[in-house]
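The values are calculated or read from the model by the stated rules, or taken from the named source; none is laboratory data. Treat the numbers as computed from the prediction; the structure is a model and nothing was measured. Glycine also receives a Cβ, built like all others from the backbone with ideal geometry; neighbour counts cover every protein chain displayed. All accessible areas refer to the heavy atoms of the entire protein, side chains included, with ligands and DNA or RNA removed. Shrake-Rupley method; radii C 1.70, N 1.55, O 1.52, S 1.80 Å.
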Amino acid sequence: LGLLYQEYRDKSTREEIETRRLQDSQTDPEESSPSEETPSEAEPSSITESKAPPQISLLRNSNSRFNLWQDLPEIRSSGILSILQPDEIKLQEAMFELVTSEASYYKSLNLLVSHFMENERLKKILHQSEAHILFSNVLDVMAVSERFLLDLEQRVEENIVISDVCDIVYQHTVNHFSVYITYVSNQTYQERAYKQLLQDKPAFREVISQLELDPKCKGLSFSSFLILPFQRITRLKLLVQNILKKVEEKSDRETTALDAHKELETVVKACNEGVRKMSRTEQMISIQKKLEFKIKSVPIISHSRWLLKQGELQQMNGPKTSRTLRTKKLFREIYLFLFNDLLVICRQIPGDKYQVFDSAPRGLLRVEELEDQGQSLANVFILRLLENADDREASYMLKASSQSEMKRWMISLAPNRRTKFVSFTSRLVDCPQIQCVHPYVAQQPDELSLELADVLNILDKTDDGWIFGERLHDQERGWFPSSMGEEILNPKIRAQNLKECFRVHKSDDSQRRKLGSRNRQ
């Protein structure tokens with residue numbers, strides 16, 4: 001708790017990575033990870049009811065070191081560790097981490113407000129409107145965190161063994177966590193305003209640099225404090241997932257954890273949509289201005305449409321050109337805009353404009369990879385439009401710049417086709433998995449941003465270093481460099497990861513049937 005949340009979170013995820021590495025290196029993961037099928041709850045609760053609960057003052061001491069629940073002097077001196085089953089101790093640790101991480105998060109939020117937002121020099125530099133965009137409703141977020149933390153602290157101090165925390169998470173998510181949606185939805189404006197202020201106001205840049213150098217910030221940047229609420233609401237969902245994996249099946253605690261997880265997932269999705277909505281709208285307006293239609297015009301801007309992928313490909317000239325020809329002149333450049341419901345095929349023309357000569361609904365696209373027929377036809381695939389702009393079937397032979405670019409286009413154009421390792425409709429298949437050991441920020445719409453310790457199913461991979469994966473905790477899909485992760489080699493660990501994933505989502509059967517939901521697509 002002496003750590004700022006950024007440090008706490010980094011330490012926690014690094015430990016998670018190392019634990020998974022250790023498990024993966026063992027021949028039998030169950031040797032170090034006792035079965036979670038039948039943890040005992042009744043025995044310890046009946047024993048501890050008669051004990052006077054000790055005052056655990058850890059949460060009120062901001063200088064306390066990073067602790068496990070079982071390391072607390074109050075726990076060690078109570079003798080409870082010799083009574084509890086190993087699975088119950090793991091559950092206690094998972095609940096305790098949720099509480100202590102909230103305390104660390106609140107500490108960081110408090111620093112954002114007291115050290116940055118309320119700094120007198122900064123106040124004089126910023127207009128009221130600039131300050132509002134930059135800090136948004138962070139005071140509301142901090143007030144919600146404080147109220148949440150107080151309820152969690154009270155629960156921890158009720159009994160030496162924590163009864164539950166997910167009921168508190170549920171109540172606060174339903175009644176108070178909408179402030180996160182407001183804050184996170186402002187992120188696009190916030191990032192833009194911050195960059196603009198750094199560029200236009202040297203005094204702002206100077207004050208921020210000086211404030212960042214203060215020992216209180218521990219070398220962390222101002223921007224790392226601004227993104228805290230989005231990181232926290234996402235992490236909170238993962239912490240509840242971790243509790244859910246450890247509670248006894250068909251118990252009241254499982255029901256409560258499932259309810260809390262479902263509500264948190266709703267908030268996280270709303271946050272994600274809030275972030276995407278503004279950038280998508282601006283992007284669609286920009287694309288609309290660049291298109292000139294040679295065919296019947298198609299309205300591009302729609303509240304339910306967004307860009308999935310855009311880029312240049314080479315089209316083979318002539319509808320009946322022999323595949324055996326080997327000259328580069330066979331190909332000419334075309335440009336594709338692929339939206340979630342529509343494909344627009346263009347040629348680039350002067351003035352940064354694009355002339356549209358064909359289009360088709362995305363659901364009426366089919367792709368087929370060509371077998372290697374020499375260097376000039378490497379990375380070539382067939383794109384079929386079952387019904388194009390002229391209401392007829394059309395085919396295009398297209399060449400990509402690399403194997404990864406070809407596969408990325410094929411999966412984006414026809415997302416329901418089978419991948420290398422697993423069918424999109426299959427569930428209980430042991431496909432390869434990877435653990436993220438380096439964070440990654442998506443550079444293209446079809447890429448997936450990764451956080452440390454994310455675990456993903458590998459759905460496809462290329463020879464030039466790209467992986468198409470599905471993250472287990474939220475089923476988001478996308479491409480990322482293979483160098484960002486380490487493959488999980490132990491089949492028992494992979495099976496355990498899948499089992500836990502299905503359990504987390506079992507409260508929504510329809511979601512489970514659609515495991516692999518393509519929200520990004």
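Data table
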quantity: Search result, residues across segment 343-364 that are surrounded by fewer than 19 Cβ atoms within 10 Å (Cβ to Cβ), hydrophobic (A, V, I, L, M, F, W, C) and closer than 18 Å to L398 by Cβ; calculated: F357, L364
quantity: E157 touching a Pro at 6+ places or on another chain (Cβ under 9 Å) and part of a helix (DSSP H, G or I); calculated: yes
quantity: Subset tally (residues that are more than 23 Å from G274 (Cα to Cα) and either among the hydroxyl-bearing types (S, T, Y) or not assigned by the TED database to the domain that holds M117 (or both)) for segment 181-215; calculated: 1
quantity: Segment 258-277 - residue that is under 17 Å from the mean Cα position of the chain (by Cα), open to solvent by less than 30 Å² (accessible area, probe 1.4 Å) and not charged (D, E, K, R) and, of those, farthest from L342 (Cα to Cα); calculated: H261
quantity: Number of the exception - T48 against (1) at pLDDT below 55; (2) among the β-branched types (V, I, T); (3) under 30 Å from N110 (Cβ atoms); calculated: (3)
quantity: Members of segment 365-398 that are open to solvent by less than 30 Å² (accessible area, probe 1.4 Å) and among the acidic types (D, E); calculated: none
quantity: Residues that are open to solvent by less than 30 Å² (accessible area, probe 1.4 Å) and modelled with pLDDT of 90 or more, drawn from segment 306-319; calculated: L307, L308, K309, G311, L313, Q315
quantity: Residue within segment 157-169 that is under 23 Å from the mean Cα position of the chain (by Cα) and open to solvent by less than 40 Å² (accessible area, probe 1.4 Å) present; calculated: yes
quantity: Residue identified as surrounded by fewer than 19 Cβ atoms within 10 Å (Cβ to Cβ) and within 25 Å of D164 (Cβ to Cβ) among T255, T234; calculated: T255
quantity: Any pair with Cβ under 6 angstrom, 6 or more apart, that starts in segment 278-305 at a residue that is loosely packed, with under 11 Cβ neighbours inside 10 Å and ends at one that is not hydrophobic (A, V, I, L, M, F, W, C); calculated: I301/Q288
quantity: Candidates I458, I488, I467, filtered to the one that is under 19 Å from E15 (Cβ atoms) and not aromatic (F, W, Y); calculated: I488
quantity: Residue count, segment 180-204 (criterion: exposed (fewer than 14 other Cβ atoms within 10 Å of the Cβ) and touching a helix residue (DSSP H, G or I) at 6+ places or on another chain (Cβ under 6 Å)); calculated: 1
